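The values are calculated or read from the model by the stated rules, or taken from the named source; none is laboratory data. Everything quoted here is computed from the prediction, not taken from an experiment. Positions of Cβ are generated from backbone atoms using ideal geometry, with glycine treated the same way; all protein chains shown enter the neighbour counts.
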Amino acid sequence: MITYILRRLLYALPLLLGVNILTFMLFFVVNSPDDMARMQLGQKHITEQAITNWKQQRGYDLPLLVNSQADGLGQLQETIFYQKSLRLFSFNFGLSDSGRNIGEDIQQRMWPSLAVALPSLVFGLLLNISVALMMVFFRQSYLEFSSIILCVVIMSISSLFYIIGGQFIIGKLLMLVPISGYDTGINAAKFLVLPVVISVVSGVGSGARWYRSLFLEEIEQDYVRTARAKGLTETQVLFRHVLKNAMIPILTGVVVILPLLFMGSLITESFFSIPGLGSYTIDAINSQDFAIVRAMVFLGSVLYIIGLLLTDISYTLVDPRVRLG
Amino acid sequence: MKKIMLFFCLLFLSACEQQVWNNPYPEQETKHQAVLYSSFSERPRHLDPAKSYSANEYAFIGQIYEPPFQYHFLKRPYQLEPLTAKKMPEIRYLDAAGKQVSDSKAAVYTEYLIELKPDIQFQPHPALAQNQQGDYLYHHLSAQQLEKITRLKDFQQTGSRELTAADYVQQIKRLVHPKISSPIAELMKSYIVGLEEYAQQVKNEPRTTLKTMEISGVTLLDNYRYKIRIKGHYPQFIFWLAMPFFAPMPWEADAFYSQQGLIDKNITLDWQPIGTGAYMLEENNPNLQMVMLKNPNYHADYYPTEGEQGDKEKGLLKDAGQRLPFIDKAVYRLEKESIPYWNKFLQGYYDASGIASDSFDQAVQISGGGEIGLTPSMLEKEIQLQTAVMSSISYMGFNMLDNVIGGTTEQARQLRLALAIAIDYEEYIAIFMNGRGVPAQGVIPPEIFGYQSGEQGLNKTIYDWQEGRARRKPLAVAQQLMQEAGYAQGIDPKTGEALILYLDTAATGPDDRARLNWYRKQFAKLGIQLVIRATDYNRFQQKMRKGNAQIFMWGWNADYPDPENFFFLLYGANAKALFGGENAGNYQNAEFDGLFKQMSIMPNNVRRLQLIERMQAKIRHDVPWIFGVHPKSFSLYHRWYQNLKPNLMANNKLKYLRIQPEQRAIARQQWNQPIVWPLLVGGGLLMILIYPALRSFQRKAKETVAK
């Protein structure tokens, strides 16, 4: 197992390097340091000298990939690529173009993202599984058909509609919770109710339908027939046998997204003014703060790779037949 | 089932207790303090007064930092008055040898002597905390001390000291330090004597050495007096002295914030200001909220006792002579989207709001006579509407270096003029701005010296004065001009096909498509085919710098209330493609340039007005711009928000404003009673739906056993 994990981690290095090179090309070739300086310095009274100063202070006056004026390793090290992109491998995200410590910001903003994403995931999972089990229990009845139609309707509507509609009905018309905002500690709870409810409801259509198909696949298996032949009730069959065996794809599907919960949701955070990493990325894109965007792309890739690794490991936990070699 | 019913009953009962459930603020905060609630959608990039240069940042630092002068809150036209200065500066004109001359035209240098009021204290701040021996407590933080620090509040001790002239001098030095990258560094180097040389001297020095290195043109006379020597005669310099760029900065701030341990924790001068203003930044969490508190050390400052005509009748002098500020605390919440902001404003959780296009019809109605008023739902809540024409202009510019549309030939001028007549900005304002704009008649916006309203200010090349109002000339006039220019019915004689013109723009969003289509139609009225070259803002800027654009749209927002700040956009020596200046259309005309030079150094008088009229006439004739729109801001305020008067120049308006928290608390209570019955009905319906399912479940389970 340890050898496998080490091997996977080693595989991850060239993958991350590739992501790094790609984002570097995108940000520095398409958008030059001069453009960044102009963006940060504003639009009025900007001179070439001011741009040169800005670049010098932030190390953007170096060559992009190779510094022919330096000696030895310096040729590679004294470049923007080394200073700005390779440094990310040590999780040193440096300063944003506006001068803030990105690492510190990420540490602060990942918790609000998690505060929305984790309950949404847990409640969503419980609801989706319950609805899916119910549909399977009442399979080939009007209850199942109407549930499927409802699921298709729910999944066909844009998530933005749920957000605006939810804010309008629950926040504005019924005045049950604040429309948007966030607070620290326990005070955050009242701000989380609405985004979590919306997130769970908007996801139930696709989630329940997917789990239903997993359960239906299992329910036709021989072991289920045997269980029924033993005289087990349909409820016992569903909960003791079908659910347990369908847990492999459910668990692996959940584990892969666990690390990404920190990254937050772009739209939800933006509409509910939740100061998480999703809105952090959106802000950075809007203000063309590429130091932040680079860091977030890198972090997203790392977390995704960790997610995939955890998925593989979780296989061994839920299915004893799987061995990682 | 019983438990669920009990829950709904409790929910219903608790709703009957007159509790408000949707209050986004801590309860104790809202009832007892005069707190202003506002928001920011994008976190400010800089709060260092040497770096900051945008309106959303000035909303904060304008309240914290105090330059020597400020704009009078009520008087119009805008007037400067002393803030921390004892009086307006003594201005001396000097010859090359440094001797005083009486004629400003003969001045090689101008000297501003500024004297400060005594007994002005800085806000309490850890950078100024000293022990009994007079040593600064936090200027050399150890790793152990830093471990316990995550926010500025974590410092247990704070200190203060008196504001001195040295603090103003320190800030001028900071403008050119390369690590600070002030946006006006290069501009000021060209005015302040010795600043260029000083920039070279401090190029490789840390910020902490600024205190000991002197600028030849800025002299510290004593604790309360300093003088600034500038090159030539530049009367607009006084306006710069009312901007945060020239606010004081204690050297201790640079010493304190230069510590790497604090920088790593995002505790920097760019995020944690230190000033003498009416407010201090108590919390700066741009990820959540920014909170300003009344500065306990704020000096004696009083609400103005006089204003312009009509102010008294509007109740704007009720607080005359009262000690400032009135608001105890200002909370700015992160609010990224306009819809939630608008809804929270209607619930009374924000005190003021702009009007987004989505909510315009809900808030404003325009009568048949064109009068603007609030809708009944707004009037019911006693919301106040305030409108103000902004000190800015948006325009369509022509690249005068272009060989089709630019240049000084009569053919090109007629083509530009025809377009200026054909593009119907009145329609544009009605369609795209909900009427929130004034068609521009010239370069200068309202409330700036030189602006003339009515027939006197009419652009007669484009409009006629009929029945007491400006009417755009008929399209036939434009078509006639096209014919005279050699483009009859828009046909280019070189190709025999429709003349093709190119509009470069950075407007690439989905909302911009309709606008660009509208422009195409305006050009098509003359038979011209308009090709839109949309690109990102960086590429657009690059094109403009290189003079590669043909037609473009741009705008300017006043830095200060002087016509020079608008006419310089057309001054030849500022041509963007040639000299890197702000004259984006690269317009050059010797007569105009001569007039500009004269006008820019004159005081506001009849002679200056005459020169301005001549300059306007020249621009109207040559048509390097199609004057677009002076945007009009529409703001809504709740009834508990007082002392409201638009002031587009002042950055420190917060101290004059008043909030009535009791009125607000009552309104919030009234407007936000939770409605629970739909929940109960929904719950009941759910029960009705679940019950047969449950019965069916039980039946089916039994059936399985039976099988």
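General observations
- Boolean, B:Asp135 is in contact with a Pro (Cβ under 8 Å, 6 or more places away or on another chain) and either surrounded by 15 or more Cβ atoms within 10 Å (Cβ to Cβ) or more than 23 Å from B:Asp48 (Cα to Cα) (or both): no
- Whichever residue in region B:611-667 is among the basic types (Lys, Arg) and in contact with a helix residue (DSSP H, G or I) (Cβ under 8 Å, 6 or more places away or on another chain) and, among such residues, is farthest from B:Ser392 (Cα to Cα): B:Arg664
- For region A:108-115, the count of residues that are touching a Gly at 6+ places or on another chain (Cβ under 9 Å), under 23 Å from A:Asp283 (Cβ atoms), polar (S, T, N, Q) and in a helix (DSSP H, G or I) is at least one.
- Residues of region A:266-285 satisfying the condition of being of a type in the set (A, V, I, L, M, F, W, C), more than 7 Å from every other protein chain (Cβ to nearest Cβ) and either crowded, with 22+ Cβ neighbours inside 10 Å or within 19 Å of A:Ala115 (Cβ to Cβ) (or both): A:Leu266, A:Ile267, A:Phe272, A:Ile274, A:Leu277, A:Ile282, A:Ala284
- Top-ranked residue in region A:286-325 [being surrounded by fewer than 17 Cβ atoms within 10 Å (Cβ to Cβ) and polar (S, T, N, Q); ranked as farthest from A:Leu266 (Cα to Cα)]: A:Thr316
- Among the residues of region A:86-104, those that are over 15 Å from B:Arg43 (Cα atoms) and surrounded by 20 or more Cβ atoms within 10 Å (Cβ to Cβ) comprise A:Leu88, A:Phe93.
- Residue ranges of helices (runs of 4 or more DSSP H) in region B:125-203 with at least 2 members more than 14 Å from chain A (Cβ to nearest Cβ): B:143-147, B:165-174, B:195-201
- Entirely in region A:1-72, the helices (runs of 4 or more DSSP H) that have 3 or more residues that are within 14 Å of chain B (Cβ to nearest Cβ) and under 26 Å from B:Tyr537 (Cβ atoms): A:33-41, A:48-58
- For region B:48-82, residues that are within 14 Å of another protein chain (Cβ to nearest Cβ) and within 14 Å of the chain's Cα centre (by Cα) total 7.
- Residue in region B:148-165 that is closer than 24 Å to B:Thr212 by Cβ and acidic (Asp, Glu) present: yes
- Of the criteria (1) more than 30 Å from B:Gly450 (Cβ to Cβ); (2) under 30 Å from the mean Cα position of the chain (by Cα), which one B:Asp119 fails: (2)
- From the options B:Asn652, B:Asn672, residue that is surrounded by 16 or more Cβ atoms within 10 Å (Cβ to Cβ), among the polar types (S, T, N, Q), within 14 Å of another protein chain (Cβ to nearest Cβ) and in contact (Cβ under 8 Å) with a residue 24 or more places away in the chain: B:Asn672
- Subset tally (residues that are within 14 Å of chain A (Cβ to nearest Cβ) and part of a loop (DSSP other than H, G, I, E, B)) for region B:575-598: 4
- Residue within region B:477-491 that is farther than 18 Å from B:Val623 by Cβ, modelled with pLDDT of 95 or more and within 37 Å of the chain's Cα centre (by Cα) present: no
- For A:Phe262, the conditions (1) at pLDDT below 85; (2) within 14 Å of chain B (Cβ to nearest Cβ); (3) not in a loop (DSSP other than H, G, I, E, B) all hold with the exception of (2).
- Within region A:73-131, the only residue that satisfies the criterion of being under 22 Å from A:Pro259 (Cβ atoms), within 10 Å of chain B (Cβ to nearest Cβ) and among the basic types (Lys, Arg) is A:Arg109.
- Filter pass, A:Gly231 being more than 8 Å from chain B (Cβ to nearest Cβ) and not polar (S, T, N, Q): no
- Region B:285-294: number of residues that are away from chain A (no Cβ under 14 Å) and farther than 19 Å from B:Gly321 by Cα: 2
- Any hit, region B:102-111, residues being of a type outside the set (Val, Ile, Thr), in contact with a helix residue (DSSP H, G or I) (Cβ under 8 Å, 6 or more places away or on another chain) and in contact (Cβ under 8 Å) with a residue 40 or more places away in the chain: no
- Taking the numbered list (1) within 12 Å of another protein chain (Cβ to nearest Cβ); (2) of a type in the set (S, T, N, Q); (3) surrounded by fewer than 20 Cβ atoms within 10 Å (Cβ to Cβ) in turn, A:Thr252 passes all entries but (1).
- Residues (within 14 Å of chain A (Cβ to nearest Cβ) and in contact (Cβ under 8 Å) with a residue 12 or more places away in the chain) located in region B:508-538: B:Thr508, B:Thr535, B:Asp536, B:Tyr537
- For the residues B:Phe566, B:Phe579, B:Phe592, the requirement of being without any contact (Cβ under 8 Å) to a residue 40 or more places away in the chain, out of contact with any strand residue (DSSP E or B) (no Cβ under 6 Å at 6 or more places or on another chain), surrounded by 17 or more Cβ atoms within 10 Å (Cβ to Cβ) and of a type outside the set (Asp, Glu) singles out B:Phe592.
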